[in-house]
Amino acid sequence: MRFAARGPGRAVYFHDHRRLELTYTIIPAIALAIMVAASGVVWARVRLGAPPADALTVDVRGEQFAWLARYPGPDGRFGRVDPRRIDARTNPMGLDPDDPAARDDVVSRTLHLVAGRPVRVQLRSTGVLHSFFIPEFRVKQDTVPGMTLEIWFIPTREGQFEIACAELCGIGHYAMRGQVVVHSPAAFEAWLAQQRPALSPAP
Ligand SMILES: [Cu+2]
(Lines give C-alpha, C1' and ligand atoms only; values in the text may rest on other atoms or scores of the structure.)
Protein backbone atom coordinates (compact mmCIF):
# COMPACT_ATOMS: atom_id res chain seq x y z
CA MET A 1 0.00 0.00 0.00
CA ARG A 2 2.74 2.35 0.94
CA PHE A 3 4.69 1.91 -2.30
CA ALA A 4 1.79 1.35 -4.70
CA ALA A 5 2.04 2.85 -8.18
CA ARG A 6 0.36 6.09 -7.14
CA GLY A 7 1.80 6.20 -3.64
CA PRO A 8 4.63 8.44 -2.55
CA GLY A 9 8.19 7.30 -2.10
CA ARG A 10 10.23 4.44 -3.53
CA ALA A 11 10.82 0.98 -2.20
CA VAL A 12 14.28 0.44 -0.78
CA TYR A 13 16.29 -2.40 -2.24
CA PHE A 14 18.92 -4.11 -0.13
CA HIS A 15 20.93 -7.19 -0.98
CA ASP A 16 21.62 -8.63 2.46
CA HIS A 17 20.13 -8.15 5.87
CA ARG A 18 21.96 -10.37 8.28
CA ARG A 19 19.84 -9.65 11.35
CA LEU A 20 16.58 -10.28 9.48
CA GLU A 21 17.88 -13.54 7.99
CA LEU A 22 19.20 -14.79 11.31
CA THR A 23 15.86 -13.96 12.95
CA TYR A 24 13.75 -15.84 10.43
CA THR A 25 16.12 -18.79 10.56
CA ILE A 26 16.69 -19.13 14.29
CA ILE A 27 13.08 -18.67 15.49
CA PRO A 28 11.63 -21.43 13.26
CA ALA A 29 14.67 -23.63 14.03
CA ILE A 30 13.96 -23.39 17.77
CA ALA A 31 10.24 -23.98 17.26
CA LEU A 32 10.88 -27.04 15.06
CA ALA A 33 13.50 -28.44 17.45
CA ILE A 34 10.96 -28.26 20.30
CA MET A 35 8.32 -30.03 18.20
CA VAL A 36 10.75 -32.76 17.10
CA ALA A 37 11.88 -33.40 20.68
CA ALA A 38 8.31 -33.45 22.03
CA SER A 39 7.02 -35.78 19.32
CA GLY A 40 10.13 -37.96 19.66
CA VAL A 41 9.18 -38.71 23.26
CA VAL A 42 5.68 -39.78 22.20
CA TRP A 43 7.03 -41.74 19.21
CA ALA A 44 9.50 -43.64 21.40
CA ARG A 45 6.78 -44.54 23.89
CA VAL A 46 4.39 -45.81 21.21
CA ARG A 47 6.86 -47.43 18.81
CA LEU A 48 9.81 -48.55 20.89
CA GLY A 49 8.24 -49.22 24.28
CA ALA A 50 6.94 -52.73 24.97
CA PRO A 51 3.18 -53.06 25.39
CA PRO A 52 1.94 -53.47 29.00
CA ALA A 53 2.05 -57.04 30.34
CA ASP A 54 -1.75 -57.39 30.46
CA ALA A 55 -2.09 -56.59 26.73
CA LEU A 56 -4.37 -58.70 24.60
CA THR A 57 -2.47 -60.07 21.61
CA VAL A 58 -4.27 -60.31 18.28
CA ASP A 59 -2.82 -61.57 15.04
CA VAL A 60 -4.10 -59.57 12.07
CA ARG A 61 -3.58 -60.42 8.43
CA GLY A 62 -4.22 -58.15 5.49
CA GLU A 63 -5.18 -59.79 2.21
CA GLN A 64 -6.61 -58.53 -1.06
CA PHE A 65 -9.06 -57.05 -0.02
CA ALA A 66 -10.02 -57.70 3.56
CA TRP A 67 -8.75 -58.03 7.13
CA LEU A 68 -8.62 -61.14 9.27
CA ALA A 69 -8.09 -61.31 13.02
CA ARG A 70 -6.90 -64.34 14.99
CA TYR A 71 -7.19 -65.08 18.71
CA PRO A 72 -5.17 -67.84 20.39
CA GLY A 73 -8.10 -69.85 21.79
CA PRO A 74 -8.30 -71.51 25.23
CA ASP A 75 -4.63 -72.61 25.24
CA GLY A 76 -3.50 -68.98 25.04
CA ARG A 77 -1.00 -69.83 22.30
CA PHE A 78 -1.04 -68.96 18.62
CA GLY A 79 -0.51 -71.98 16.42
CA ARG A 80 1.85 -72.08 13.49
CA VAL A 81 0.76 -70.41 10.26
CA ASP A 82 2.12 -71.26 6.85
CA PRO A 83 1.36 -69.15 3.77
CA ARG A 84 1.24 -72.35 1.68
CA ARG A 85 -1.77 -73.48 3.73
CA ILE A 86 -3.79 -70.39 2.86
CA ASP A 87 -7.07 -71.24 1.21
CA ALA A 88 -9.44 -68.33 0.63
CA ARG A 89 -12.50 -70.38 1.56
CA THR A 90 -11.43 -72.94 4.15
CA ASN A 91 -8.27 -71.52 5.75
CA PRO A 92 -7.72 -67.83 4.95
CA MET A 93 -5.30 -67.42 7.87
CA GLY A 94 -3.09 -70.32 6.72
CA LEU A 95 -3.32 -72.23 10.03
CA ASP A 96 -1.23 -75.38 10.18
CA PRO A 97 -3.49 -78.27 11.33
CA ASP A 98 -0.41 -80.31 12.27
CA ASP A 99 0.30 -77.91 15.12
CA PRO A 100 -1.92 -78.67 18.15
CA ALA A 101 -1.72 -75.00 19.22
CA ALA A 102 -3.36 -73.98 15.91
CA ARG A 103 -6.40 -76.22 16.31
CA ASP A 104 -8.19 -74.00 18.82
CA ASP A 105 -7.26 -70.66 17.21
CA VAL A 106 -10.23 -68.42 16.51
CA VAL A 107 -10.37 -66.42 13.29
CA SER A 108 -12.73 -63.50 12.78
CA ARG A 109 -13.40 -61.07 9.94
CA THR A 110 -14.09 -58.41 12.58
CA LEU A 111 -11.49 -57.19 15.06
CA HIS A 112 -12.85 -57.49 18.60
CA LEU A 113 -11.12 -55.52 21.36
CA VAL A 114 -11.68 -54.59 25.00
CA ALA A 115 -12.19 -51.01 26.19
CA GLY A 116 -9.38 -49.95 28.51
CA ARG A 117 -7.24 -53.02 27.81
CA PRO A 118 -4.01 -52.52 25.86
CA VAL A 119 -3.87 -54.50 22.64
CA ARG A 120 -0.80 -55.68 20.80
CA VAL A 121 -1.54 -56.26 17.13
CA GLN A 122 0.81 -58.50 15.18
CA LEU A 123 0.46 -57.59 11.54
CA ARG A 124 1.03 -59.90 8.63
CA SER A 125 0.18 -59.65 4.98
CA THR A 126 -0.64 -61.98 2.16
CA GLY A 127 0.73 -61.09 -1.26
CA VAL A 128 1.14 -57.32 -1.25
CA LEU A 129 1.66 -54.34 1.05
CA HIS A 130 -1.32 -53.07 3.00
CA SER A 131 -1.60 -50.54 5.79
CA PHE A 132 -3.60 -51.16 8.95
CA PHE A 133 -5.30 -47.84 9.69
CA ILE A 134 -7.91 -47.06 12.35
CA PRO A 135 -8.49 -43.35 11.87
CA GLU A 136 -10.39 -42.84 15.15
CA PHE A 137 -7.51 -44.39 17.13
CA ARG A 138 -4.77 -42.50 15.23
CA VAL A 139 -3.20 -45.92 14.59
CA LYS A 140 -1.48 -46.72 11.33
CA GLN A 141 1.10 -49.35 10.45
CA ASP A 142 2.07 -50.89 7.13
CA THR A 143 1.78 -54.64 6.72
CA VAL A 144 4.53 -56.32 4.72
CA PRO A 145 4.46 -59.84 3.22
CA GLY A 146 7.04 -62.05 4.92
CA MET A 147 7.30 -59.86 8.03
CA THR A 148 5.41 -59.66 11.30
CA LEU A 149 5.18 -56.03 12.42
CA GLU A 150 3.71 -54.97 15.72
CA ILE A 151 1.80 -52.00 16.97
CA TRP A 152 0.09 -51.53 20.32
CA PHE A 153 -2.53 -49.13 21.60
CA ILE A 154 -5.32 -48.83 24.15
CA PRO A 155 -8.91 -48.52 22.91
CA THR A 156 -10.61 -46.18 25.36
CA ARG A 157 -14.24 -46.30 24.29
CA GLU A 158 -16.72 -49.03 23.53
CA GLY A 159 -18.27 -48.92 20.08
CA GLN A 160 -17.79 -49.71 16.43
CA PHE A 161 -15.00 -48.28 14.37
CA GLU A 162 -13.57 -48.80 10.91
CA ILE A 163 -10.28 -50.29 9.74
CA ALA A 164 -9.19 -48.81 6.45
CA CYS A 165 -6.36 -49.95 4.24
CA ALA A 166 -4.06 -46.95 3.79
CA GLU A 167 -1.82 -48.46 1.12
CA LEU A 168 -2.91 -48.68 -2.51
CA CYS A 169 -2.95 -52.48 -2.79
CA GLY A 170 -4.82 -53.26 -5.99
CA ILE A 171 -8.10 -52.82 -7.78
CA GLY A 172 -10.24 -53.49 -4.70
CA HIS A 173 -8.22 -51.25 -2.38
CA TYR A 174 -11.10 -48.80 -1.94
CA ALA A 175 -13.27 -51.60 -0.56
CA MET A 176 -10.70 -52.97 1.88
CA ARG A 177 -12.64 -52.07 4.97
CA GLY A 178 -12.75 -53.87 8.25
CA GLN A 179 -14.69 -53.40 11.44
CA VAL A 180 -13.43 -52.96 14.96
CA VAL A 181 -15.82 -53.67 17.82
CA VAL A 182 -14.65 -52.46 21.23
CA HIS A 183 -16.45 -54.35 24.01
CA SER A 184 -16.65 -54.21 27.77
CA PRO A 185 -14.46 -56.97 29.28
CA ALA A 186 -17.48 -59.21 30.02
CA ALA A 187 -18.97 -58.75 26.54
CA PHE A 188 -15.62 -59.59 24.97
CA GLU A 189 -15.31 -62.83 26.96
CA ALA A 190 -18.88 -63.71 26.00
CA TRP A 191 -18.11 -63.11 22.32
CA LEU A 192 -14.92 -65.17 22.49
CA ALA A 193 -16.67 -68.05 24.24
CA GLN A 194 -19.17 -68.26 21.36
CA GLN A 195 -16.50 -68.65 18.68
CA ARG A 196 -15.63 -71.99 17.15
CA PRO A 197 -12.04 -72.80 16.29
CA ALA A 198 -11.31 -71.86 12.66
CA LEU A 199 -10.11 -75.39 11.87
CA SER A 200 -13.29 -77.06 13.11
CA PRO A 201 -16.14 -75.08 11.56
CA ALA A 202 -19.80 -75.78 12.29
CA PRO A 203 -20.88 -79.23 11.06
CU1 LIG B 1 -4.95 -53.13 1.22
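The values are calculated or read from the model by the stated rules, or taken from the named source; none is laboratory data. On a predicted model such as this, the values are computed, not experimentally measured, just so you know. FYI the Cβ positions are ideal-geometry reconstructions off the backbone, even for glycines, and counts take in every protein chain you see.
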Handout entry: Among the candidates Gly127, Gly172, residue that is within 16 Å of the ligand (Cβ to nearest atom) and modelled with pLDDT under 90
Key = Gly127
Exercise for the section: Determine if region 11-32 includes at least one residue that is surrounded by 10 or more Cβ atoms within 10 Å (Cβ to Cβ) and under 30 Å from Glu150 (Cβ atoms). Expected result: yes
Practice task
Please go through region 130-140 and pick out each residue that is within 14 Å of the ligand (Cβ to nearest atom) and either at pLDDT below 95 or surrounded by fewer than 13 Cβ atoms within 10 Å (Cβ to Cβ) (or both).
Solution key: Lys140
Handout entry: Qualifying positions in region 150-188 - loosely packed, with under 15 Cβ neighbours inside 10 Å and assigned to a helix (DSSP H, G or I)
Key = Tyr174, Ala175, Pro185, Ala186
Exercise for the section: Any chance you could count how many residues in region 19-68 are assigned to a helix (DSSP H, G or I) and among the small types (Gly, Ala, Ser)? Expected result: 8
Exercise for the section: Considering each residue of region 69-95, count those that are assigned to a loop (DSSP other than H, G, I, E, B) and crowded, with 17+ Cβ neighbours inside 10 Å, and give that number. Expected result: 8
Fill in the blank from the handout: In region 138-195, anything among the acidic types (Asp, Glu), over 15 Å from the mean Cα position of the chain (by Cα) and more than 23 Å from Pro74 (Cβ to Cβ) is listed as Glu158
Practice task
Kindly indicate whether Ile154 is in contact with a Pro (Cβ under 7 Å, 6 or more places away or on another chain), touching a residue at least 12 places away in the same chain (Cβ under 8 Å) and over 18 Å from Ala198 (Cα atoms).
Solution key: yes
Completion exercise
For region 97-114, pairs from a residue that is touching a residue at least 60 places away in the same chain (Cβ under 8 Å) and within 23 Å of Glu158 (Cβ to Cβ) to a residue that is assigned to a helix (DSSP H, G or I) and not basic (Lys, Arg), with Cβ under 8 Å and 6 or more apart or across chains, are Val106/Leu192; His112/Phe188; His112/Trp191; His112/Leu192; Leu113/Phe188; Val114/Pro185; Val114/Phe188
Problem - Selected residue [within 16 Å of the ligand (Cβ to nearest atom) and of a type outside the set (Gly, Ala, Ser)] from Phe78, Phe65, Phe14 - result: Phe65
Practice task
Filter region 111-129 down to residues that are β-branched (Val, Ile, Thr) and within 13 Å of Val58 (Cβ to Cβ) and give me whichever is surrounded by the most Cβ atoms within 10 Å (Cβ to Cβ).
Solution key: Val121
